[in-house]
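Shown next, in structure tokens, is the structure this report addresses.
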Amino acid sequence: MTLSVSGGTLLFTALLISRLLENALLNAEVKEGEILPPTIQKLMKGYNKYLRPFFDNDPVSVGMSLDIASIDTISEINMDYTATIFLRQRWTDERLVFQGNKSLSLDGRLVELLWVPDTFIVDSKKSFLHDITVENRLIRIFPNGTVLYALRITTTVACNMDLTKYPMDKQTCTLQLESWGYNINDLTFYWTRGNESVSGLDTLKLAQYTVEDHYTSVSEAIYETGHYPKLVFHFELKRSILYFILETYVPSSLLVVLSWVSFWISQSSVPARICIGVTTVLTMTTLMMGARTSLPNANCFIKAIDVYLGICFSFIFGALIEYAVAHFCTLTYTESMYGHHMHDFDDEMNGIINTIASNSNRAKRRKEAAAAATNAAANSNPVEIALSPSSPSGSEPRLEAPPEEARHWCFTVLAVLRKVLKRAVNCCHVENPHYIDNYSRVTFPLSFVMVNLLYWTYYLYF
């Protein structure tokens, strides 16, 4: 009897527990059903998010629009830019048509239940979706089946830059959107409002650039696997040169002007002039190294700022060399030493010419004496061999004098050589070494102004 009572109690307990579990499961189902309203439940019934709309029919048309929230950095070293954008995509899904006149704004996390385009950013180095406080995604469904899907993305995109005119350059960067897996037979892209599909650039403030122009285009990306839809947003950036004028151009020009101060210092003040020359050269070298720290170390780019710094360095170095030349001329080429050297040179050349002339006259007299002796011997003994008057014994043959044309040519060559050497000495001679500084005070500034005119004309207008 006791066993039967105990068995009945256990059976009743088991039934009670099972009934409680059924009620708990039922309540859970009701709460779970409250997550999605009946309209959404009806739309999701039989919906397959792995199949695109209009499957096996016409391609899906996806409209794109952008809102540029900010362009954070533009790096010449890495040749890229980082921007935060709002990407909005619109398409029609016939499976999401419902009755009503109001759109349904859903939680962004419900996007996992829907089909969305596989859009990606071409040339993106790194990107991320903002998730504070929740993932920044928006999903909105309209009664006609149109779906609006918006994202807030920060991306770093490569931008090929031509830095040959840096810092007077203009760069054209792009933001390209493509479909990853759907080709043009399944998916097409278009800008919803043409060039006005991209907004936010008019109010955008950048540190070194101003946005001069922007436009959109539609194209196709051709790969080995097929043709894919592609949208391209182009924007042109012009660099603000004022910063570089104050930071680089003005200091380098002032260093060049500072190097000209040595032209007004006496040549006898060797330490002062050397100090100015060496200091300006070293300062210019430091300025050149600092200007290259924010630029890519690429040999293919000879930038405009490098050209200008090279010009300034050449003028500063030329001012230092000018003093070396002037000081050398002061020590070496003085008026007295020049006159002494020219007098000795004239005496030496006159001695050489007189010696050659006397030798020529002596040879001529020998020839006349030999001719007279030959004639006399021929009259007395026709067979006797003519002997030279300088060798009475007859043991040495007679010497013939050089022809008259050879002597004339030799005199001409010596005279020309004398004139050439005299002109060369006159060219190297500076009557007053202080004239070098006087000439430099005019030629250096004029040359620098002319070079600046050519430089700025070329890089600003060509």
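Only the coordinates and a few stated rules stand behind these numbers; no lab work does. Remember, predicted model here, so these are calculated numbers, not experimental data. Note that each Cβ is placed from the backbone with ideal geometry, even for glycine, and that neighbours are counted across all protein chains shown.
Below is a table of values for the structure above.
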{"quantity": "Karplus (6.51, -1.76, 1.60) ³J(HN,Hα), θ = phi - 60°, over the stretch 53-62, in Hz, Gly and Pro reported as x", "calculated": "x, 6, 4, 6, 10, 5, x, 7, 9, 10"}
{"quantity": "From phi via Karplus (6.51, -1.76, 1.60), per-residue ³J(HN,Hα) for the stretch 150-157 in Hz, x at Gly/Pro", "calculated": "10, 9, 10, 10, 10, 9, 10, 10"}
{"quantity": "Computed Kirkwood radius, in angstrom, where 1/r is averaged over Cα pairs of the stretch 58-122", "calculated": "15.3 Å"}
{"quantity": "Computed P(r) (all Cα pairs; the stretch 172-216; 5 Å bins; percent)", "calculated": "5, 15, 21, 21, 15, 11, 7, 5, 1"}
{"quantity": "Environment charge of residue 55, counting only residues whose C-beta is closer than 11 Å and scoring Lys/Arg +1, Asp/Glu -1", "calculated": "-3"}
{"quantity": "For residue 145, distant residues with modelled amide H under 5 Å away", "calculated": "98"}
{"quantity": "For residue 60, distant residues with modelled amide H under 5 Å away", "calculated": "187, 188"}
{"quantity": "Among 272-285, 200-213, the order from most to least packed when residues are scored by Cβ within 10 Å on average", "calculated": "272-285, 200-213"}
{"quantity": "9 Å beta-carbon shell around residue 158, net charge (K/R +1, D/E -1)", "calculated": "-1"}
{"quantity": "Net charge of Cβ neighbours under 12 Å - reference residue 235; Lys, Arg +1; Asp, Glu -1", "calculated": "-2"}
{"quantity": "Residues residue 77 and residue 286, FRET efficiency given R0 of 30 Å [Cβ-Cβ distance, rounded to 0.05]", "calculated": "0.90"}
{"quantity": "Whole-number D in µm²/s for the stretch 43-199 (Stokes-Einstein; Kirkwood sum over Cα pairs; 25 °C, 0.890 mPa s)", "calculated": "141 µm²/s"}
{"quantity": "Whole-Hz couplings from phi, Karplus 6.51/-1.76/1.60, listed for the stretch 77-88; x for Gly and Pro", "calculated": "5, 8, 6, 7, 9, 10, 9, 10, 10, 9, 9, 10"}
{"quantity": "Sequence-distant residues sharing a close amide H with residue 69 (under 5 Å, placed H)", "calculated": "84, 85, 86"}
{"quantity": "Relative compactness, the stretch 141-249, computed as alpha-carbon Rg over 2.2 N^0.38 Å", "calculated": "1.39"}
{"quantity": "Restraint check, 165/230; 125/230; 125/238; 42/230, Cα-Cα greater than 26 Å", "calculated": "165/230; 42/230"}
{"quantity": "When the stretch 221-303 is reduced to its Cα atoms, the Kirkwood hydrodynamic radius in Å", "calculated": "17.4 Å"}
{"quantity": "Pairwise centroid distance, computed over Cα atoms, of the stretch 170-202 with the stretch 62-103, Å", "calculated": "9 Å"}
{"quantity": "Protection proxy ranking, peptides 127-136, 66-75, average beta carbon neighbours within 10 Å, highest first", "calculated": "66-75, 127-136"}
